[in-house]
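Okay, so here's the structure we're looking at.
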Amino acid sequence: FAIMSLAAGYEIIEWWYAELAGGDEGIAFLGSQGDIWDAQKDMLCDTTGAILSLFLMSAQRRFAKPF
């Protein structure tokens, strides 16, 4: 859940900066290309990657040969 918290924090900071920059500069900084769900998709990908990594590391430790 730490990854999801960091992703959400980053998206909030990114939105805040875009609001401060305003206009075309803010839109260019976001780079969402008109996708209103861009922040949510980014957080979903971050969370999915973290969960997948957790499962892969767990499987690796479970099936690893002892030294």
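Below is a table of values for the structure above.
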{"quantity": "On Cα atoms only, tilt of 38-63 relative to the major axis of the chain in degrees", "calculated": "10 degrees"}
{"quantity": "Helical contribution to [θ] at 222 nm, DSSP H n ≥ 4, -39,500 (n - 2.57), averaged over the chain, rounded to 500", "calculated": "-27500 deg cm²/dmol"}
{"quantity": "Within region 2-63: Cβ-based charge dipole about Cα centre, in debye rounded to nearest 20 (Lys, Arg +1; Asp, Glu -1)", "calculated": "660 debye"}
{"quantity": "Region 1-42 residues near the modelled Ser58 label - backbone nitrogen below 14 Å, point 7 Å along Cα→Cβ", "calculated": "1"}
{"quantity": "Relative compactness, the chain, computed as alpha-carbon Rg over 2.2 N^0.38 Å", "calculated": "1.59"}
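Bear in mind these aren't lab numbers, they're just calculated from the coordinates by the rules spelled out. All values reported here derive from a predicted model rather than from experimental measurement. Ideal geometry is used to build each Cβ from the backbone, glycine not excepted, and the neighbour counts take in all protein chains shown.
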